[in-house]
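What follows draws every value from the coordinates through simple rules; no lab data is involved. Since we're looking at a predicted model, the values are computed, not measured. Cβ: placed from backbone, ideal geometry, glycine included. Neighbour counts: every protein chain shown.
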Amino acid sequence: MKIRRHSVIELAEHWTVALSGIMLLFTGIGELPLYKRYYFILNIPGLGWAGDYFKHLTLHYIFAIFFLAAIIFHVLYHGIRGDKGLVPKKGDTGRSVKVLLAMVGIGEEPPSEKYLPEQRIAYLGMGIIIAVLTLTGVVKIIKNLPFVYMPPFLNGVNTLVHTLAAFLFLLALIMHVGVVALFKSNWPLLKSMFTGKVDEKYVRERHGIWYEELKREGKIDE
Ligand code: HEM
């Protein structure tokens, strides 16, 4: 039996943020502009344009619209519904260590809610980074308006924070994909990010607390 883990709306939110986020990183690095320095990138078929600052800037704006729209939707939608599954709980740090150790074969993994404790911590971390990225990004959009003057010092600080946050976003993305891809125990979650569903057996064995909740709600037959 399969159990629904993500709605179509949640999948659309995740993949809009993921794809536009990856493209924002690519075009943001292009604005530095880094690709011109490493000519082999410009020689890759189809990437000849990657040395053009204004093309990156335009694309950065377009992907930022998708990214921002998905983030605002995420906050409003889950805020109004009162979803708390990914909000960190007391004791998550200790339990995350246990989950991560179990992933490398040390000790037993404690039963989890719908989300693993390390996912809740990752969500908070990703949330803080995205908040800083989007706020400093919006300040950059405002200062680019022709009738707005921003003192160079403020602009410099804002740009520095935006670039540092983008670097942390890249690191967080690498860790996020790494934890999913490298550990077989997480593969059912990867599948669920496309199908929205997981096997009942997986839920019973790994997400014992969520399993009991689903049983209480009558979503699983005894
Ligand atoms: C900018 C890019 C991305 C962002 C901001 C992002 C964000 C998130 C967040 C906040 C979660 C929920 C908590 C967690 O598991 O950490 C999540 C879950 C997940 N993401 Fe991503 N993600 C991104 C890219 C990706 C990519 C490229 C993949 C593909 C490998 C991926 C696969 C997953 C999976 C498998 C889950 C677990 C879902 C579950 O628990 O059922 N993500 N993502």
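The simple Förster model, with R0 at 41 Å and r as the Cβ-Cβ distance, assigns Val161 and Lys215 a FRET efficiency of 0.30. With a threshold of 24 Å on the Cα-Cα distance, the over-threshold entries among Lys114/Lys191; Lys89/Lys215; Lys98/Lys184; Lys55/Lys191; Lys2/Lys98 are Lys55/Lys191; Lys2/Lys98. Net length available on complete extension from Val138 to Lys191 is 15.7 nm, with 0.36 nm assigned per residue and the Cα-Cα distance removed.
The relative contact order of the stretch 87-222 comes to 27 percent, based on Cα pairs under 8 Å that sit 6 or more residues apart. With neighbours defined as other Cβ atoms within 10 Å of a residue's Cβ, the residues Met126, Met175 order from fewest to most as Met175, Met126. Determine the distance separating the Cα centre of the stretch 23-68 from the Cα centre of the stretch 90-157; give it in Å without decimals. With the stretch 23-68 and the stretch 90-157 each reduced to a Cα centre, they are spaced 24 Å. Computed extension length for Leu173-Tyr123: 16.9 nm, one decimal, from 0.36 nm per residue of separation with the Cα-Cα distance subtracted. Rg and Dmax over the alpha-carbon atoms of the stretch 2-216 stand at 20.1, 61 Å. Counting only the backbone N, which residues of the stretch 170-191 are under 18 Å from the spot 7 Å out from the Cα of Lys201 toward its beta-carbon? Answer for the stretch 170-191: 184-191. Pull out a ≥ b ≥ c, the square roots of the eigenvalues of the alpha-carbon gyration tensor of the stretch 15-101, then state rounded if a/c is under 1.5, prolate if not and a/b is larger than b/c, and oblate in the remaining case. It comes out oblate by the Cα gyration axes.
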